[in-house]
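Just below is one structure, and these are the notes that go with it.
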Amino acid sequence: MLAAIGVSSPQEIFERQIPEAVRLGRALELPAGLPEQEVYEHMRALAARNLSCEEQLSFLGAGMYDHYVPALIDMLTERSEFLTPYTPYQPEISQGGLQVMFEYQTAICELTGLPVSNASLYEGPSAVAAAGYLAKLHNGRSRFVVSAGLHPHSIQTLRTYAHGYGIEVLEIPLRDGLTDAEEFARAIDAQTAAAIFAQPNFYGAVEDADALSAAAKAAGSAPDGAPVVVAQVDPITLGILKAPGECGVDVAVGEGQALGNRLDFGGPSFGLFAAREEYLRRMPGRIAGETHDVDGRRGFVLTLQTREQHIRREKATSNICTSQALNALAGVVYLSWLGRRGIVELGELLLARTHYARETLAALDGVHKLHEQPVVREFALRLDADVAAVRRRCAAEGVNPGADLQALSGRAEDEGGLLVAITEKRSRADIDRLAEVLGAAVAAEREALAV
Amino acid sequence: MSAIEQDRPAAAGEQELARAVRVGAGPPLQREAATTIFQKGAPGRRAFQCPQVDVPAVEAEQLLPARFRRAEAPRLAEVSEPEIVRHYVGLSKRNFDLDSGFYPLGSCTMKHNPRLHERAAALPGHARLHPLQDPEDAQGALELMWKLQGALAEISGLPHVSLQPSAGSHGELAGVLLARAYHEDRGQARRKVLTPDTAHGTNPATVTMAGLEAVKLETNADGGVDIEDLRAKADEDVACLMLTNPNTLGLFDPNIEQIAEIVHAVGAILYYDGANLNAVMGLSRPGDMGFDIVHFNLHKSFTQPHGGGGPGSGPIAVSERIAPYLPTPLVARAEDGSFELDHGRGAAGSKSIGRLRGFNGNYGCFVRAYAYICSLGADGLRDASETAVLNANYLLARLRELGVAEHLPLAYGELCMHEFVLSGGPMKRALQIKTLDLAKRLLDFGFHPPTVYFPLLVEEALMVEPTETETRETLDSFAETLAAILREAAEDPAIAQNAPYSTPVRRLDEVGAAKRPVIRQALG
């Protein structure tokens with residue numbers, strides 16, 4: 001090979017191209033390579049120092065959930081043909097991946113009740129920021145009005161992005177667990193680019209989405225139209241909750257992890273993004289479209305690419321160049337596995353068990369509901385004891401009772417808050433066990449404090 | 001990629017097809033009509049069995065008032081498990097993939113994905129770990145992230161690492177926001193970001209998203225940054241220069257030290273787009289070249305599978321002066337040796353640009369990248385880059401030997417780094433086939449084509465990145481196939497012009513798809 005190139009060593013290729021001053025000239029200070037089995041042992045040893053949802057009765061949620069992932073998803077996502085290609089730049093040999101995107105878009109449109117969907121974004125909170133950017137491109141206004149019921153990571157991410165593209169973020173507090181509709185409406189004016197809320201919200205409460213959308217549209221009716229109404233949704237609840245498209249929402253975004261994706265300590269997953277038709281040509285990310293080949297066969301391609309960075313460069317609607325294809329595949333396979341009836345049945349099961357869990361826990365001494373609003377699969381409690389200490393006591397009993405609200409939100413009013421998530425993997429017996437352990441932990445903490 | 005031409009004959013003749021198949025044996029045809037999962041199944045059919053409702057029944061209205069309820073179930077598929085498996089396995093067979101053949105997609109670093117990484121990432125301790133698990137019960141994960149941060153710092157020559165960005169484009173956004181925060185902290189509202197005309201489209205798109213203005217830099221006759229143009233444009237309003245080195249022409253910029261000097265002299269930041277890091281691991285480090293910020297593509301250099309276009313992961317490494325602005329959270333090590341997440345109350349202080357996404361980044365990708373680094377070690381990483389560069393130069397030499405260079409000359413330079421860019425201009429003029437035709441004809445021979453029509457400044461560009469994965473035999477076979485397609489075109493250009501013939505579908509109407517977008521299945 002060297003002779004064909006006309007050099008005497010591989011090093012000569014580098015010496016002829018890289019100036020000496022910027023050549024490393026020493027070995028990297030990294031450990032020596034290991035055989036496969038030793039790397040596996042090392043990775044296994046690291047995994048063993050993590051307490052997964054398989055080894056602990058966990059009620060953690062707050063954005064990512066331990067739903068059951070059917071075995072067929074592992075089998076399909078591990079197939080070389082889905083795992084190892086790149087973005088379908090050559091559609092003739094990428095029909096499988098392109099059709100998966102098309103099916104995914106169809107499923108997301110059905111769930112959200114909105115007519116257009118992209119092929120997915122990175123994950124939830126950055127999808128909220130992407131919706132904000134779309135609103136800015138759409139109407140060029142200067143402020144986002146955001147419900148405090150959005151996930152704190154979404155608000156923080158939105159702030160990071162908005163500082164970049166030069167938009168102010170105004171946060172509207174909650175009242176009784178819900179976005180204060182009056183304040184929401186008061187804050188929205190002709191300078192509001194987008195009005196953003198979450199359904200259900202971070203505290204588990206089902207918002208009155210119709211009312212919030214209507215308030216946003218009425219309040220912001222400037223000469224050139226109302227602000228873009230954005231809802232962060234939880235796709236697993238959309239079998240039973242009214243679809244955002246039926247509630248006056250213009251853009252629905254959300255974290256897709258609950259749909260057939262593993263927890264993976266927070267990623268990778270996918271972000272869903274669906275909208276009304278008028279926003280189609282400003283959507284970020286990849287979109288698959290149907291077409292036909294020269295022989296008239298049905299086929300699929302990446303479409304509306306003139307929105308995208310590789311063509312439009314600085315005028316692109318986003319800098320994003322790929323979807324989360326493999327995660328979105330898991331998502332659409334999961335939705336097909338659940339099916340039209342299953343997504344409703346699952347929703348009803350979550351609703352019933354979550355209600356049971358909330359009532360059972362709130363009946364414990366020193367444990368209260370944070371709000372009385374309807375909840376679907378997650379709810380917030382207030383403990384009359386230090387949450388961190390209570391969580392430690394529960395952990396010693398093999399139970400993770402949920403997320404420390406204040407640690408996540410940083411809000412003073414969330415002191416004592418615990419966010420409890422229920423999935424179909426948490427049975428009545430599991431919930432009863434949680435009640436026993438949490439009740440004892442709260443009692444012990446209060447006793448310790450009294451002494 | 002440009003759209004297909006509309007004035008082509010509707011279908012290739014039988015004779016032409018027979019001949020085309022004779023000269024190039026393609027993959028098996030998967031030409032059953034495309035039907036979506038929504039067009040399969042039957043009402044009431046299902047795969048999911050819902051667990052029993054095991055809690056006391058409560059009135060529906062009390063659980064969730066009717067005004068919040070959905071009137072009609074979403075029209076998801078109604079299919080059995082065997083139908084789902086057959087459907088998606090069938091779809092998978094309509095995909096070409098890296099495990100099936102050569103995939104020299106320039107700038108994408110399609111290197112082998114060791115299956116060990118999938119096994120490691122699937123361990124419940126990694127895959128089923130909740131991101132809000134208490135740090136004391138996630139020490140393995142945090143240690144893994146800590147060690148990956150350390151390895152990336154050493155490879156880049158920049159000491160501080162954030163693993164948070166979700167992809168290369170996300171890492172770029174982080175980088176530009178960091179440069180901006182650095183200047184704002186000094187009371188400077190610098191507005192401009194310099195990007196060479198060879199840059200990936202993500203660079204200028206990112207600049208706009210970060211609220212700054214992209215200013216294009218010219219490329220000189222050797223394929224590097226035009227130093228005079230840089231001098232003219234580098235002023236006190238420049239926040240940073242975004243540079244890929246080696247650049248998208250596959251060339252290491254020989255003036256890199258001078259470029260750094262000019263940029264630093266006006267107080268601007270030098271940003272390294274790590275898309276092409278696979279050329280220089282263990283051989284040259286962005287930090288030593290004078291860069292302050294670099295993003296990595298774990299899905300490229302560190303072999304996270306591309307997944308059909310995602311997930312990726314785009315960590316960033318930065319110099320001391322940029323460190324205070326890094327996004328949160330960061331993995332930190334406490335005095336007792338334990339690991340924790342720093343959410344901005346410790347070292348990641350109030351100057352942080354903030355969060356870029358939820359939770360801790362794409363941990364599943366970190367597991368794979370870290371396993372790769374453990375497998376290869378210091379020497380292995382250097383060997384990977386050396387082999388990648390050797391392979392690219394060997395392929396280039398073979399193309400010259402076979403006379404391909406006459407029609408597809410190297411656009412710039414003599415040697416190359418890990419990839420090279422050919423120009424299809426002479427081929428188009430002499431043989432009447434365009435780069436697109438060549439790419440489509442390659443499909444019939446079982447090769448994924450190189451990247452086409454990028455970078456933009458090369459006429460009919462063909463960007464080839466073989467990676468260290470490929471054997472000499474594969475490179476020879478690819479070179480000989482290119483030569484054969486050119487010979488075939490000299491005889492009859494219509495064959496390539498109408499290719500491919502052996503794929504599940506043939507050329508698709510992309511213009512029509514964009515004019516009348518159909519982006520979901522119509523449901524009954």
Tally up the residues in segment B:217-234 that are within 28 Å of the chain's Cα centre (by Cα) and assigned to a helix (DSSP H, G or I), please.
1
B:G157 on the phi > 0 side of the Ramachandran plot and not hydrophobic (A, V, I, L, M, F, W, C):
yes
If we keep only residues of segment B:431-440 that are more than 12 Å from A:I93 (Cβ to Cβ) and in contact with an Asp or Glu (Cβ under 8 Å, 6 or more places away or on another chain), then the residue surrounded by the most Cβ atoms within 10 Å (Cβ to Cβ) is B:T435
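What about B:L63, is it more than 26 Å from the chain's Cα centre (by Cα), closer than 14 Å to A:G339 by Cβ, of a type in the set (A, V, I, L, M, F, W, C) and modelled with pLDDT of 95 or more?
Here the answer is no, as B:L63 does not meet what is asked.
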Got a number for residues in segment B:65-96 being charged (D, E, K, R), within 21 Å of A:E78 (Cβ to Cβ) and part of a loop (DSSP other than H, G, I, E, B)?
2
Without any contact (Cβ under 8 Å) to a residue 12 or more places away in the chain and among the basic types (K, R): which single residue out of A:R175, A:R276, A:R262 fits that description?
A:R175
Extreme residue, surrounded by the fewest Cβ atoms within 10 Å (Cβ to Cβ), among residues of segment A:1-17 that are among the aliphatic types (A, V, I, L, M) and out of contact with any Pro (no Cβ under 8 Å at 6 or more places or on another chain):
A:A3
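Quick check on A:E207: is it surrounded by fewer than 24 Cβ atoms within 10 Å (Cβ to Cβ) and either at pLDDT 95 or above or of a type in the set (S, T, Y) (or both)?
no
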One residue from B:G364, B:G358 being farther than 30 Å from B:A461 by Cβ, assigned to a loop (DSSP other than H, G, I, E, B) and at the interface with chain A (Cβ under 7 Å from one of its Cβ atoms)
B:G358
Of all residues making up segment A:1-36, the number that are in contact with a Leu (Cβ under 8 Å, 6 or more places away or on another chain) and within 15 Å of B:A384 (Cβ to Cβ):
7
Please verify whether segment B:99-107 includes one or more residues that are touching a Ser or Thr at 6+ places or on another chain (Cβ under 8 Å), facing another protein chain (nearest Cβ under 10 Å), free of Cβ contacts under 8 Å to residues at least 24 places away in the same chain and of a type in the set (D, E).
yes
Residues that are touching a residue at least 12 places away in the same chain (Cβ under 8 Å), under 22 Å from B:G307 (Cβ atoms) and not hydrophobic (A, V, I, L, M, F, W, C), at least 1 per element: which helices (runs of 4 or more DSSP H) completely within segment A:20-135 meet that?
A:71-77, A:80-83, A:95-112
Being facing chain A (nearest Cβ under 8 Å), closer than 15 Å to A:I343 by Cα and without any contact (Cβ under 8 Å) to a residue 12 or more places away in the chain narrows it down to one residue among B:A47, B:A73; which is it?
B:A73
Kindly indicate whether any position in segment A:65-83 is surrounded by 19 or more Cβ atoms within 10 Å (Cβ to Cβ), more than 7 Å from chain B (Cβ to nearest Cβ), aromatic (F, W, Y) and closer than 30 Å to B:L91 by Cβ.
yes
Looking at segment A:207-229, is at least one residue among the acidic types (D, E), in contact with a Phe, Trp or Tyr (Cβ under 9 Å, 6 or more places away or on another chain), in a loop (DSSP other than H, G, I, E, B) and within 11 Å of chain B (Cβ to nearest Cβ)?
yes
Can you work out which of the residues in segment A:181-193 that are in contact with a strand residue (DSSP E or B) (Cβ under 6 Å, 6 or more places away or on another chain) and either among the polar types (S, T, N, Q) or surrounded by fewer than 19 Cβ atoms within 10 Å (Cβ to Cβ) (or both) is nearest to A:A380 (Cα to Cα)?
A:E183
Is it the case that some residue within segment B:484-499 is surrounded by fewer than 23 Cβ atoms within 10 Å (Cβ to Cβ), of a type in the set (V, I, T) and outside the structural domain of B:K216 (by TED's automatic domain parsing)?
no
Please verify whether A:G339 is within 9 Å of chain B (Cβ to nearest Cβ), small (G, A, S), within 17 Å of A:P235 (Cα to Cα) and out of contact with any Pro (no Cβ under 6 Å at 6 or more places or on another chain), treating the condition exactly as stated.
yes
Give the residue that is nearest to A:A421 (Cα to Cα), with candidates limited to residues of segment A:230-250 that are among the acidic types (D, E) and part of a loop (DSSP other than H, G, I, E, B).
A:D234
Kindly establish whether B:S301 is more than 12 Å from chain A (Cβ to nearest Cβ) and either surrounded by fewer than 24 Cβ atoms within 10 Å (Cβ to Cβ) or at pLDDT below 95 (or both).
no
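May I ask you to verify whether B:L390 is at the interface with chain A (Cβ under 7 Å from one of its Cβ atoms), assigned to a helix (DSSP H, G or I), touching a Gly at 6+ places or on another chain (Cβ under 6 Å) and of a type in the set (A, V, I, L, M, F, W, C)?
For B:L390, the condition - at the interface with chain A (Cβ under 7 Å from one of its Cβ atoms), assigned to a helix (DSSP H, G or I), touching a Gly at 6+ places or on another chain (Cβ under 6 Å) and of a type in the set (A, V, I, L, M, F, W, C) - is not met.
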Confirm whether A:V7 is more than 7 Å from chain B (Cβ to nearest Cβ), at pLDDT 95 or above and within 23 Å of B:L390 (Cα to Cα).
yes
Could you please find all residues in segment B:113-134 being touching a residue at least 60 places away in the same chain (Cβ under 8 Å), touching a helix residue (DSSP H, G or I) at 6+ places or on another chain (Cβ under 6 Å) and of a type outside the set (A, V, I, L, M)?
B:H117, B:H126, B:P131
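Before we move on, is B:A275 in contact (Cβ under 8 Å) with a residue 60 or more places away in the chain and in contact with a Ser or Thr (Cβ under 7 Å, 6 or more places away or on another chain)?
Spelling it out, B:A275 is indeed in contact (Cβ under 8 Å) with a residue 60 or more places away in the chain and in contact with a Ser or Thr (Cβ under 7 Å, 6 or more places away or on another chain).
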Condition check: more than 10 Å from chain A (Cβ to nearest Cβ) and in contact (Cβ under 8 Å) with a residue 40 or more places away in the chain. Does B:A317 satisfy that?
yes
Please pick out the residue among A:Y133, A:Y86 that is in contact with a Cys (Cβ under 8 Å, 6 or more places away or on another chain), within 13 Å of chain B (Cβ to nearest Cβ), buried (at least 21 other Cβ atoms within 10 Å of the Cβ) and at negative phi.
A:Y86
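Looking only at helices (runs of 4 or more DSSP H) that fall completely inside segment B:108-203, which ones have 1 or more residues that are among the hydrophobic types (A, V, I, L, M, F, W, C) and either modelled with pLDDT under 95 or under 30 Å from B:V225 (Cα atoms) (or both)?
B:139-156, B:168-185
The values are calculated or read from the model by the stated rules, or taken from the named source; none is laboratory data. In this text the structure is predicted, and so the values were computed from the model without any measurement. All Cβ positions, even for glycine, are placed from backbone atoms using ideal geometry, and neighbour counts span all protein chains on display.
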